[in-house]
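Asks: Following this message is one structure expressed as structure tokens.
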Amino acid sequence: MAAHVLRGAHVVRRLALQRRTAAAAAAATPPAVRKSTQATELSAAGTKYGPQTDELDLTFSDTRAAFQSKTTWEVLRGYLVFTLCRSRYLVDNNAKLMKLFRKVLGRQLFHTAMRSTFYGQFVAGADQNDIRPSIERMRSFGVKSILDYSVEEDISAEEAEKSEMRACAKPEELERSARADPMARYQAHREFADRRSQVQSARTYFYMNEAQCEKNMDTFMKSIEAVSGSTQCTGLAAIKMTALGRPQLLMQLSEVIMRTRRYLAELAGSSQATDVISQDVSLATVEDRLKGANSPEIQQWINGLTYDQKGLIHLFSWSGLIDTNTLVSELFRVPNLTTGRMEPLIGSLTADEEEMFKNMMRRLHHIFSHARDCDVRVMVDAEQTYFQPAISRLTMELMRKYNREKAIVFNTYQCYLKDAYHNLTVDLDQADRQKFFFGAKLVRGAYMEQERARAATLGYEDPINASFEATSDMYGSCLLETLRRIQHYKKYGQPKKLAIMVASHNEDTVRYTVQKMKELDIKPEDKVVCFGQLLGMCDHVSFPLGQAGYSVYKYVPYGPVDEVLPYLSRRAQENKGMLTKVAKERGMLRAELLRRIGHGQLLYQPRGNYTPV
């Protein structure tokens, strides 16, 4: 890797020999593109005529629009990094090689080499002060920031397994096989204890103790403060719920949600177990079904149901749970439809486990109340399917509490899941019926290989769509549903009721969104649709969007060099899996180098004059 960096100067000299070719290519540039690039040159040089807005080239092939925010060195660095990502040997062994280089080169020289390659490409800096220039420069070119402190623990697979089993399995479960249990999906299994396995693009938190969860909470809150202080309240922060508490509790809560769906189907006389809100069950139906059971306990349970004129919304008082007014083991109890006695849907929790759950809720409240006070939006990342029912349910209740005036809390929907559209529409209906603002991030998903392997091993249905095309169709369905509802709310005077982020590096998805926004009269300045991509990737999509007046974000990781190596390793692996897309961006970087050489712009200094939406 170091050798590649040292050859950077030679690359520039070699490219200089091709300036005639570059000049010819520039002369052959179509008039429409030349018009756009003339505008971008004005913005780069600064202008006295107010903020700049460029025409959007939906082919995403205009190299000037893509890279005018970068110095020539940064363009060269991107070209070198994507070239390195073409080497399967380097990528497959990147973690070992980085550790070796750190030992051989020494700390200072290793840091210099990393800042000249992967760290410089994918990480904005070491701390809040270090990242400020990058954030401000991106903002001047129309692109906002989602801040993410990307420090990860570099632990072995054996340590990860021990930590996960200790945190996710009760002692009596450690030695027994749960494969015959239909709820095995929501229990810990040793062969899948290292949740990093077969996952390239998502960070993993392992539970160490409650003190570590407190530190994670403090880190998230500092990220919110950094967003507020450095992005002029236009940025976003991201959190993972597994960082804030013992993951076993999320698995148990997910199991409760699945058992509740089965119970409701039995209560409603339905053959399909699904969400409460989807069943359209009235309060009268429940009372009639339990007609013979008149105990005070059952009457108290009926009084605690959440419903409106359309029917039931929830069987339990989730607000009491997230506000820590109710014990978990006391809340999830239902009348037995045969005996009439109240029975638990969840195994008994110890006093320590109840306290851990309260701690998790307290941490979430601290984060979101702080975000509300700082006027910063926070996205709750999606995780594995055995955590996700609990994560989504808690996130929706946090939305109900904190999204009363605007969307502060955003939930994430992984569209490679077969039930993504159903889950999204159920949550949209809840927000509509309970009258709170809704925020959603749409992604394709990060855990496909791991999820499929786990489903095959444990014997439950594969939750992932059968093909990339099916996932793209699912993404399109979810996107169109949200856009249509935005149009509906706008028509009836509630234009801010629903906000979405289209988090995708797929050019077709971005083009589709832009075209549908035009068809449905959803304007960028409505500030309800935004786009998101990772720092250092897909710049040829992000920056033209921002410079054309669309709301666009870069996911901005930061942290000390030594402590973000696991993150950098995953970025290298992800690029290996996206060779076709990376090939286009790499080719565009090379073309931009040639253009600058041909026009004598090697010392070009970016100066943006764009105002982000």
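The values are calculated or read from the model by the stated rules, or taken from the named source; none is laboratory data. Only a predicted model underlies this, so the values are computations on that prediction, with no experimental measurement involved. Counting neighbours? That spans all protein chains shown, and the Cβs are built from the backbone with ideal geometry, glycine included. Only protein heavy atoms, including side chains, enter the accessible area calculation; ligands, DNA and RNA are left aside. Shrake-Rupley method; radii C 1.70, N 1.55, O 1.52, S 1.80 Å.
Asks: Yes or no: residue 595 basic (Lys, Arg), part of a helix (DSSP H, G or I) and within 24 Å of the chain's Cα centre (by Cα)?
Replies: It is false that residue 595 is basic (Lys, Arg), part of a helix (DSSP H, G or I) and within 24 Å of the chain's Cα centre (by Cα).
Asks: Quick one: which residue in 365, 314, 370 is under 26 Å from residue 267 (Cβ atoms) and of a type outside the set (A, V, I, L, M, F, W, C)?
Replies: 314
Asks: Continuing with the same structure: Only one of 564, 514 is assigned to a helix (DSSP H, G or I), more than 27 Å from residue 86 (Cβ to Cβ) and either β-branched (Val, Ile, Thr) or more than 23 Å from the chain's Cα centre (by Cα) (or both); which?
Replies: 514
Asks: Then there is this: Please go through the stretch 271-326 and pick out each residue that is free of Cβ contacts under 8 Å to residues at least 12 places away in the same chain and farther than 20 Å from residue 390 by Cα.
Replies: Residues satisfying the conditions are 271, 272, 284, 288, 291, 294, 296, 299, 300, 303, 309.
Asks: Of these, 375, 352, which one is farther than 15 Å from residue 248 by Cβ and modelled with pLDDT under 95?
Replies: Answer to the check: 375.
Asks: All but one of (1) open to solvent by 10 Å² or more (accessible area, probe 1.4 Å); (2) touching a helix residue (DSSP H, G or I) at 6+ places or on another chain (Cβ under 7 Å); (3) farther than 30 Å from residue 114 by Cα; (4) not aliphatic (A, V, I, L, M) hold for residue 507, so report the exception by its number.
Replies: (3)
Asks: Consider residue 214 carefully, then state whether it is open to solvent by 20 Å² or more (accessible area, probe 1.4 Å) and closer than 30 Å to residue 129 by Cα.
Replies: It is true that residue 214 is open to solvent by 20 Å² or more (accessible area, probe 1.4 Å) and closer than 30 Å to residue 129 by Cα.
Asks: Right, another one. Take residue 421 and tell me if it is crowded, with 21+ Cβ neighbours inside 10 Å, modelled with pLDDT of 95 or more and over 29 Å from residue 217 (Cβ atoms).
Replies: Here the answer is no, as residue 421 does not meet what is asked.
Asks: What is the one condition in (1) over 26 Å from residue 126 (Cα atoms); (2) within 18 Å of the chain's Cα centre (by Cα) that residue 552 does not satisfy?
Replies: Single failed check for residue 552: (1).
Asks: Hey, another quick one. Before we move on, is residue 556 open to solvent by less than 30 Å² (accessible area, probe 1.4 Å), in contact (Cβ under 8 Å) with a residue 60 or more places away in the chain, in a helix (DSSP H, G or I) and under 27 Å from residue 112 (Cα atoms)?
Replies: no
Asks: For the stretch 517-540, name all the residues that are closer than 16 Å to residue 57 by Cα and part of a loop (DSSP other than H, G, I, E, B).
Replies: 538
Asks: Can you spot a residue in the stretch 141-159 that is under 30 Å from residue 208 (Cα atoms), part of a loop (DSSP other than H, G, I, E, B) and either modelled with pLDDT of 90 or more or open to solvent by less than 10 Å² (accessible area, probe 1.4 Å) (or both)?
Replies: yes
Asks: What number of residues within the stretch 75-94 are in a loop (DSSP other than H, G, I, E, B) and touching a residue at least 24 places away in the same chain (Cβ under 8 Å)?
Replies: Residues flagged as in a loop (DSSP other than H, G, I, E, B) and touching a residue at least 24 places away in the same chain (Cβ under 8 Å) within the stretch 75-94 amount to 2.
Asks: Here is a follow-up. Has the stretch 43-64 got at least one residue that is in a helix (DSSP H, G or I) and at pLDDT 90 or above?
Replies: Within the stretch 43-64, one or more residues are in a helix (DSSP H, G or I) and at pLDDT 90 or above.
Rundown of residues vs (1) closer than 19 Å to residue 394 by Cα; (2) of a type in the set (A, V, I, L, M); (3) surrounded by 18 or more Cβ atoms within 10 Å (Cβ to Cβ), yes/no style:
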| site | (1), (2), (3) |
| --- | --- |
| 413 | yes, no, yes |
| 417 | no, yes, yes |
| 427 | yes, no, yes |
| 435 | yes, no, no |
| 438 | yes, no, yes |
| 447 | no, no, yes |
| 451 | no, no, yes |
| 454 | no, no, yes |
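Asks: Scanning the stretch 246-267 for residues that are more than 28 Å from the chain's Cα centre (by Cα) and open to solvent by less than 30 Å² (accessible area, probe 1.4 Å), which turns out farthest from residue 215 (Cα to Cα)?
Replies: 267
Asks: If residue 111 meets every condition in (1) surrounded by fewer than 17 Cβ atoms within 10 Å (Cβ to Cβ); (2) under 18 Å from residue 571 (Cα atoms); (3) in contact with a helix residue (DSSP H, G or I) (Cβ under 6 Å, 6 or more places away or on another chain) apart from one, which number is that one?
Replies: Answer for residue 111: the failing condition is (1).
Asks: Separate question: Tally up the residues in the stretch 105-123 that are part of a helix (DSSP H, G or I) and in contact with a strand residue (DSSP E or B) (Cβ under 9 Å, 6 or more places away or on another chain), please.
Replies: So the answer is 1.
Asks: Looking only at residues that are in a loop (DSSP other than H, G, I, E, B) and open to solvent by 80 Å² or more (accessible area, probe 1.4 Å) in the stretch 293-311, which one is farthest from residue 431 (Cα to Cα)?
Replies: Out of the qualifying residues, it is 294.
Asks: Confirm whether residue 236 is open to solvent by less than 10 Å² (accessible area, probe 1.4 Å) and more than 30 Å from residue 546 (Cα to Cα).
Replies: No, not satisfied.
Asks: State yes or no: is residue 470 farther than 18 Å from residue 509 by Cβ, free of Cβ contacts under 8 Å to residues at least 40 places away in the same chain, of a type in the set (Gly, Ala, Ser) and surrounded by fewer than 21 Cβ atoms within 10 Å (Cβ to Cβ)?
Replies: no
Asks: Still on this structure, please answer the following. Run down 188, 126 and say which single residue is at pLDDT below 90, in a loop (DSSP other than H, G, I, E, B) and crowded, with 16+ Cβ neighbours inside 10 Å.
Replies: From the options 188, 126, the qualifying one is 188.
Asks: Sticking with this structure for a sec: What is the residue count in the stretch 361-390 for residues that are under 12 Å from residue 408 (Cβ atoms) and in contact (Cβ under 8 Å) with a residue 24 or more places away in the chain?
Replies: Total satisfying the criteria: 13.
Asks: Just for the stretch 313-341: of the residues that are of a type in the set (S, T, N, Q) and assigned to a loop (DSSP other than H, G, I, E, B), which one is surrounded by the fewest Cβ atoms within 10 Å (Cβ to Cβ)?
Replies: Going through the qualifying residues, I end up with 338.
Asks: Something else now. Out of 573, 533, report the one residue that is of a type outside the set (Ser, Thr, Tyr) and either within 19 Å of residue 146 (Cβ to Cβ) or open to solvent by less than 10 Å² (accessible area, probe 1.4 Å) (or both).
Replies: Step by step, each of 573, 533 is checked, and only 533 is of a type outside the set (Ser, Thr, Tyr) and either within 19 Å of residue 146 (Cβ to Cβ) or open to solvent by less than 10 Å² (accessible area, probe 1.4 Å) (or both).
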